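The values are calculated or read from the model by the stated rules, or taken from the named source; none is laboratory data. Every value quoted in this text rests on a predicted model; they were computed, and no experiment measured them. Neighbour counts run over all protein chains shown; Cβ positions are idealised from the backbone, glycine included. Areas reflect the complete protein model, heavy atoms only, side chains present, ligands, DNA and RNA absent. Shrake-Rupley method; radii C 1.70, N 1.55, O 1.52, S 1.80 Å.
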Amino acid sequence: MTWNELLLMRHEWTLIGLALVLIILEIGLSDEQKNRITISASLLMASITIVGFIPAEHGSIFGGMYVTDPIRILMKNILNIGALIIFLQSNAWLSKASMKNRITEFYLLLVSSLIGVNYMISAGHFLMFYLGLELLTIPIAALAAYEQYNSKSAEAGIKLILSSAFSSAILLFGLSVLYGATGNLYFAGFSFTGSLVTVLGFIFFFSGLAFKISIVPFHLWTADVYEGSPTSVTSYLSVVSKGAAVFVLAILLFTLFRVIQPVWRDVLYATAILTMTIGNLFAIRQQNLKRFLAFSSIAQAGFILLGVINGGGLGMATVIYFVLMYVFSNLAAFGVVQTVEQSTGKLNIDDYNGFYKTNPKLSLTMMLALFSLAGIPPLAGFFGKFFLFTAVAENGFYTLLLVAVLNTVISLYYYLLVVKAMFINKSESPIPVITSDGFMRTSLLIAATGIIVLGFYSPVFDYIMELCTTY
Amino acid sequence: MIDHVPLTHVLIVSTLMFFIGAYGFLTRKNLVTMLIGVELMLNAVNINFVAFDRYLFPSGIEGHFFSLFIIAIAAAEAAVAIAIFINLYRNIRSIDVEHVDKMKY
């Protein structure tokens with residue numbers, strides 16, 4: 001193996017390096033110096049994100065087990081940006097007295113999960129894919145139960161680990177059937193015949209992956225886990241983990257499972273409608289903001305499926321663009337929720353009455369995020385949805401398009417409920433003035449800039465579209 | 001031995017095992033028993049992989065390798081799951097699913 005071949009794995013190498021540095025820092029620093037870990041981890045993560053953007057060669061190593069191409073690198077970079085923002089946002093929570101000795105472990109687990117994400121996206125073999133998936137999930141389950149004396153957190157951890165273990169067992173059963181049908185587990189040489197056995201295997205496989213994306217019949221764990229986990233972990237679950245699963249689903253469906261396209265089109269058609277509608281309808285009746293964002297993220301997953309259904313270059317480009325916009329919008333919303341939660345402990349929508357009077361900047365950021373998620377024109381979310389709708393229209397699924405547009409209107413209603421609470425409703429005792437720390441402000445600035453720039457700067461989409469023409 | 005036991009029989013056993021595991025996961029009230037249900041499902045998958053490898057593709061060892069990795073990862077998963085169970089037990093003095101209901105619709 002030559003040096004150039006090793007460099008193909010630069011995303012993983014740099015992240016493994018970060019994990020090692022964190023371990024050394026944990027040993028080397030005294031208890032008083034532990035608060036420096038956040039800044040070093042964030043700076044290193046920022047440089048890793050930048051290194052990821054440097055153009056480099058691509059190809060496959062380990063006999064095709066590990067594959068990189070420009071699209072996969074772009075996907076990894078998008079998720080790295082999301083992880084960086086989460087790193088910055090966790091500082092307020094980790095500075096609490098009860099978390100003092102556990103800062104490094106948090107970053108360590110988050111980084112191992114991120115390594116899993118990278119390997120999963122770069123997988124060229126189902127074994128690699130499975131290892132990445134488990135490396136992504138297991139640390140996150142530990143993180144969901146991270147607040148030791150909070151039984152809600154332990155409950156979230158249990159619900160996550162059990163449902164993910166169950167779903168990966170289903171996924172593996174599908175894989176074993178596919179192996180029996182084809183005798184090969186490499187993505188490159190996969191020869192489908194489209195026989196009934198492969199369809200059976202695919203259905204099992206899809207169900208397992210659908211758990212991770214929380215597509216509707218498999219979404220029941222989402223709201224509970226999102227509510228109980230610490231907010232940083234919730235944002236990781238809703239952005240990075242979901243984004244990675246969506247990317248892998250898109251890659252696999254577009255290349256490997258192309259032979260049985262009619263089958264997966266039907267499956268996705270039904271699940272997309274269900275996911276959008278049920279996610280939206282349940283989001284309307286939520287009071288807790290974390291649950292609210294959980295159901296909103298289920299609905300967004302339904303919208304992403306619209307791009308996957310397309311099955312061509314346009315579909316891939318829209319999926320990537322939508323996840324990019326979703327990373328910024330969702331993390332901006334979660335950032336504001338986390339700031340308020342850390343300083344006041346309030347999580348209900350009613351608590352946000354009169355929020356604009358006391359915290360104009362935070363409420364404007366939240367408004368931007370929610371408008372972007374709802375898809376209001378000048379912002380990134382509008383173009384994300386618009387491109388997804390274009391992708392569906394290209395295939396002529398007009399009924400699906402109609403359902404999706406109706407769902408956008410419903411989602412506008414509940415996103416505006418939060419905005420109304422912040423800007424219009426009056427309150428006797430609004431949330432007091434909050435001064436967030438520099439990390440949080442930086443993260444919100446990055447996210448808000450992302451939302452606005454993606455909306456106004458069209459070369460981003462042109463660039464993604466150009467990369468995706470091969471599909 | 002391979003001449004006497006056809007592949008179908010092995011597959012019937014593994015499929016039964018998989019769904020017994022799934023049934024156990026969905027109906028049992030004790031968290032540890034639920035975990036055992038998942039392990040049963042994973043072992044059914046192992047049987048599948050090994051059987052397919054041995055009967056259909058004896059020239060390769062991909063299936064054997066896959067099942068080794070599944071065993072290792074199942075152990076890791078069980079370790080984390082049981083750690084969380086202990087944490088829950090310290091908080092609410094129970095590992096019964098009926099008591100894990102702080103968050104509901």
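Residue by residue through segment A:309-330, note down the ones that are more than 18 Å from A:Ile298 (Cα to Cα) and under 12 Å from the mean Cα position of the chain (by Cα).
Within segment A:309-330, none qualify.
Does segment A:350-358 contain at least one residue that is among the charged types (D, E, K, R) and within 17 Å of A:Asn330 (Cα to Cα)?
no
Here is a list: A:Ala369, A:Ala404, A:Ala393. Which entry is in a helix (DSSP H, G or I) and in contact with a Lys or Arg (Cβ under 9 Å, 6 or more places away or on another chain)?
Just one listed residue meets the conditions, A:Ala404.
B:Val80 - would you say it is among the hydrophobic types (A, V, I, L, M, F, W, C), within 30 Å of A:Arg285 (Cα to Cα) and either touching a residue at least 60 places away in the same chain (Cβ under 8 Å) or open to solvent by less than 60 Å² (accessible area, probe 1.4 Å) (or both)?
In short, no.
May I ask you to list the residues in segment A:165-191 that are facing chain B (nearest Cβ under 7 Å), hydrophobic (A, V, I, L, M, F, W, C) and not in a helix (DSSP H, G or I)?
A:Leu185, the sole residue that qualifies.
Does any residue of segment A:5-23 turn out to be within 23 Å of A:Gly438 (Cα to Cα) and touching a residue at least 60 places away in the same chain (Cβ under 8 Å)?
Yes, segment A:5-23 has at least one match.
With the requirement that a residue be open to solvent by less than 20 Å² (accessible area, probe 1.4 Å) and within 8 Å of another protein chain (Cβ to nearest Cβ), what does segment B:54-72 give you?
B:Gly63, B:Phe66, B:Ile70
Which condition from (1) touching a residue at least 40 places away in the same chain (Cβ under 8 Å); (2) in contact with a helix residue (DSSP H, G or I) (Cβ under 9 Å, 6 or more places away or on another chain) is the one that A:Thr358 breaks?
Evaluating A:Thr358 over (1) touching a residue at least 40 places away in the same chain (Cβ under 8 Å); (2) in contact with a helix residue (DSSP H, G or I) (Cβ under 9 Å, 6 or more places away or on another chain) leaves (2) as the failure.
Among (1) facing another protein chain (nearest Cβ under 8 Å); (2) surrounded by 14 or more Cβ atoms within 10 Å (Cβ to Cβ), which single condition is B:Val97 missing?
Every listed condition holds for B:Val97 apart from (1).
Of the conditions (1) open to solvent by less than 20 Å² (accessible area, probe 1.4 Å); (2) modelled with pLDDT of 90 or more; (3) of a type in the set (Phe, Trp, Tyr), A:Phe371 satisfies every one except a single condition; which number is it?
(1)
Can you name the residue in segment A:440-464 that is of a type in the set (Val, Ile, Thr) and more than 25 Å from A:Gly313 (Cβ to Cβ) and is also surrounded by the fewest Cβ atoms within 10 Å (Cβ to Cβ) among such residues?
The selected residue is A:Thr449.
Given the criteria closer than 23 Å to A:Thr271 by Cβ, surrounded by fewer than 18 Cβ atoms within 10 Å (Cβ to Cβ) and under 24 Å from the mean Cα position of the chain (by Cα), does A:Val405 qualify?
yes
Working only within segment A:150-164, note down all residues that are open to solvent by 10 Å² or more (accessible area, probe 1.4 Å), facing another protein chain (nearest Cβ under 7 Å) and in contact (Cβ under 8 Å) with a residue 12 or more places away in the chain.
Hit for segment A:150-164 is A:Lys152, nothing else.
For (1) among the aliphatic types (A, V, I, L, M); (2) part of a loop (DSSP other than H, G, I, E, B); (3) modelled with pLDDT of 95 or more; (4) under 23 Å from A:Ala141 (Cβ atoms), each residue gets a yes or a no:
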residue: A:Glu12; (1), (2), (3), (4): no, no, no, yes
residue: A:Ile37; (1), (2), (3), (4): yes, no, no, yes
residue: A:Met45; (1), (2), (3), (4): yes, no, no, yes
residue: A:Thr49; (1), (2), (3), (4): no, no, no, no
residue: A:Gly52; (1), (2), (3), (4): no, no, no, no
residue: A:Lys76; (1), (2), (3), (4): no, no, no, yes
residue: A:Asn101; (1), (2), (3), (4): no, no, no, yes
residue: A:Phe106; (1), (2), (3), (4): no, no, no, yes
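Restricting to segment A:60-90, and then to whatever is in contact with a strand residue (DSSP E or B) (Cβ under 8 Å, 6 or more places away or on another chain) and under 16 Å from A:Glu12 (Cβ atoms), can you tell me which residue is most open to solvent (accessible area, probe 1.4 Å)?
Looking at the filtered set, the residue picked out is A:Ser60.
Yes/no per residue for (1) open to solvent by 50 Å² or more (accessible area, probe 1.4 Å); (2) within 19 Å of the chain's Cα centre (by Cα):
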| site | (1), (2) |
| --- | --- |
| A:Ser40 | no, no |
| A:Glu57 | yes, no |
| A:Ala92 | no, no |
| A:Ile115 | no, yes |
| A:Pro139 | no, yes |
